[in-house]
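Down below is the structure, laid out as structure tokens.
The values are calculated or read from the model by the stated rules, or taken from the named source; none is laboratory data. Please read these numbers as outputs of a predicted model, since none were measured by experiment. No Cβ is skipped: glycine too gets one built from the backbone with ideal geometry, and neighbour counts run over all protein chains shown.
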Amino acid sequence: MSLKSAPDNLELFGQQIFHWHLELSSKCALKCPRCPRTELPGRYKVTEMSLDFVKKIFAPERLLYVKKILMNGGQGDAIYCSDFIRIIKYLKSAKRDLQLCIITNGSYKEKEWWQETAQVLNKNDIIIFSIDGWDQESNEKYRVNSHFESIMEGIKTLRQFNSEIYIVWSAIIFKFNQDKIDHIKELAKSMGVDSFNVVQSRLFGSINPDYIDPNLGYDPLEPDKDFIESSNTNRGFYINFTKRFAGVTINPTIYKFIKEYEKDYEDSYISPLCRIGERGLYIDAEGILYPCSWISHPFKIQASKRRNKSIVWEKSLFVEHKDCFDLKKHSLEDVIQHPYWIKLQCSWLDSKKAFVECEKHCHQSASKRKINILMKKINNANHKKTLQAVKDYRREIES
Ligand SMILES: C[S@@+](CC[C@H](N)C(=O)[O-])C[C@H]1O[C@@H](n2cnc3c(N)ncnc32)[C@H](O)[C@@H]1O
Ligand code: SF4
């Protein structure tokens, strides 16, 4: 099961440890209607990580092996974590070339807060702002409760106090903005961001009828079908305004892992993307460790498309045996050597035992497609109309 020749000791008991994903906070000031925190309240605890907890997990000797920490999460927003600045200061002073990638809605922080953040981060770090509109009214069509003025102030301040941080403006395509995407792109450019990311979502009525408005008989947020995520597209479409890219990229490390991984999982039912670090090892705001964030997302019931197998949320591994994965109670070594962690890893190889929660994203056919996209290293077009470029990109990755 364990990779036979892990590159550069970036594994601990068969678990990659160079790429992490932290949910610093499950708090949020917004109420985006299709965010799990809005859709499934009560299935997660509203809480946050403390500096002491982060120091315990990322002691300097462990940080030696850590290349990237994504600060995103399933139910909240990192910037509302009370210890946010203390945590990034600790991590960046312990390891200057560590890459932090922070994804945020960007609302309601003061200029001084952004100034301090700008002064901690450096050229290796990325901040991604999730902004789907071009002013207060349009952004609130999905980002309910957001505060456009403070988001713009945040971007401006980051740029003013640090010209090196890589800033991304990320917009999901909805019906209300699909004819304004080039306008949003120009606004993003004028704010001095490095890149514009166009996201194609699957959370629409034609895929999940729960999103159809019973009064209208359709989903008012749903864009044209060309802009709904196909299983091949993912979030990878970027239009870069600047030539530079953030200093650290973990892709070369992933490429090294892929060779061994392809041998280990050649005939397996699941090809786990978390094993090669394409997905970061995930800790939620409560301190529970998961192999990736996908498996942490709350749900009601999940059914396999290929097998006669389903699971209800209350009976899923990380709900029933949550305590075994709790990093506030156990060390990282103990959690990843626990029989339940090993049970999950062994299940990937067996089509009868494979977890439905893993199958959804990492069935071997899906993983193969994702790895192909990663290896293709497609350069996004820069000069076309954005939506035409999105269509061309889809064609290229599907070919
Ligand atoms: C739960 S959010 C947490 C990070 C941060 N609060 C934010 O919204 O960017 C995680 C990711 O989900 C994305 N997201 C929210 N609603 C979405 C939707 N309807 N379709 C696709 N992605 C969505 C966000 O843009 C973000 O990239
Ligand atoms: S800003 Fe992010 S965490 Fe907050 S409600 Fe929206 S999607 Fe969820």
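Looking at Y108, Y142, just one residue is of a type in the set (S, T, Y), closer than 25 Å to P36 by Cα, in contact with a Cys (Cβ under 9 Å, 6 or more places away or on another chain) and surrounded by 16 or more Cβ atoms within 10 Å (Cβ to Cβ), and that residue is Y142. Here K185, K225 are screened, and the one residue that is of a type in the set (K, R), in contact with a Ser or Thr (Cβ under 9 Å, 6 or more places away or on another chain) and closer than 18 Å to I155 by Cα is K185. Would you please name the residue that is farthest from T47 (Cα to Cα), looking only at residues in the range 70-92 that are away from ligand 2 (no atom under 16 Å from the Cβ) and either in a loop (DSSP other than H, G, I, E, B) or modelled with pLDDT under 95 (or both)? Per the stated criteria, the residue is D83. Taken over the range 93-116, the criterion of being under 27 Å from L64 (Cβ atoms) and within 16 Å of ligand 2 (Cβ to nearest atom) is satisfied by C101, I102, I103. Of all residues in the range 197-225, those satisfying the criterion of being among the hydrophobic types (A, V, I, L, M, F, W, C), within 14 Å of ligand 1 (Cβ to nearest atom) and in contact with a strand residue (DSSP E or B) (Cβ under 8 Å, 6 or more places away or on another chain) are V198, V199.
Among the conditions (1) within 9 Å of ligand 1 (Cβ to nearest atom); (2) under 24 Å from N251 (Cα atoms); (3) of a type in the set (D, E), the only one that E61 does not satisfy is (1). When you look at S170, is it within 19 Å of S107 (Cα to Cα), more than 14 Å from ligand 1 (Cβ to nearest atom) and not in a loop (DSSP other than H, G, I, E, B), yes or no? In short, no. Filter the range 11-55 for residues that are closer than 29 Å to A171 by Cβ and part of a strand (DSSP E or B); which is nearest to the chain's Cα centre (by Cα)? Residue satisfying both the conditions and the ranking: H21. One residue stands out among those in the range 145-167 that are more than 16 Å from ligand 1 (Cβ to nearest atom), of a type in the set (S, T, N, Q) and touching a residue at least 40 places away in the same chain (Cβ under 8 Å): the one that is surrounded by the fewest Cβ atoms within 10 Å (Cβ to Cβ), which is Q160.
Which members of the range 106-139 meet the condition of being touching a His at 6+ places or on another chain (Cβ under 9 Å) and not in a helix (DSSP H, G or I)? G106, S107, Y108, W134, listed by residue number. Has the range 293-300 got any residue that is at pLDDT below 95, touching a Cys at 6+ places or on another chain (Cβ under 7 Å) and not in a loop (DSSP other than H, G, I, E, B)? Yes. Residues in the range 117-128 that are within 16 Å of ligand 2 (Cβ to nearest atom) and free of Cβ contacts under 8 Å to residues at least 60 places away in the same chain: I127 only.
Is the range 12-30 home to any residue that is of a type outside the set (A, V, I, L, M, F, W, C), modelled with pLDDT under 95 and either buried (at least 18 other Cβ atoms within 10 Å of the Cβ) or in contact with a Pro (Cβ under 6 Å, 6 or more places away or on another chain) (or both)? Within the range 12-30, one or more residues are of a type outside the set (A, V, I, L, M, F, W, C), modelled with pLDDT under 95 and either buried (at least 18 other Cβ atoms within 10 Å of the Cβ) or in contact with a Pro (Cβ under 6 Å, 6 or more places away or on another chain) (or both).
Residues that are of a type in the set (D, E) and in a helix (DSSP H, G or I) are absent from the range 211-222. What is the number of the single condition among (1) among the basic types (K, R); (2) closer than 15 Å to I283 by Cβ; (3) modelled with pLDDT of 95 or more that K67 does not meet? Evaluating K67 over (1) among the basic types (K, R); (2) closer than 15 Å to I283 by Cβ; (3) modelled with pLDDT of 95 or more leaves (2) as the failure.
The listed residues are D194, D224, D219, D135, and the only one of them that is crowded, with 21+ Cβ neighbours inside 10 Å and of a type in the set (D, E) turns out to be D194.
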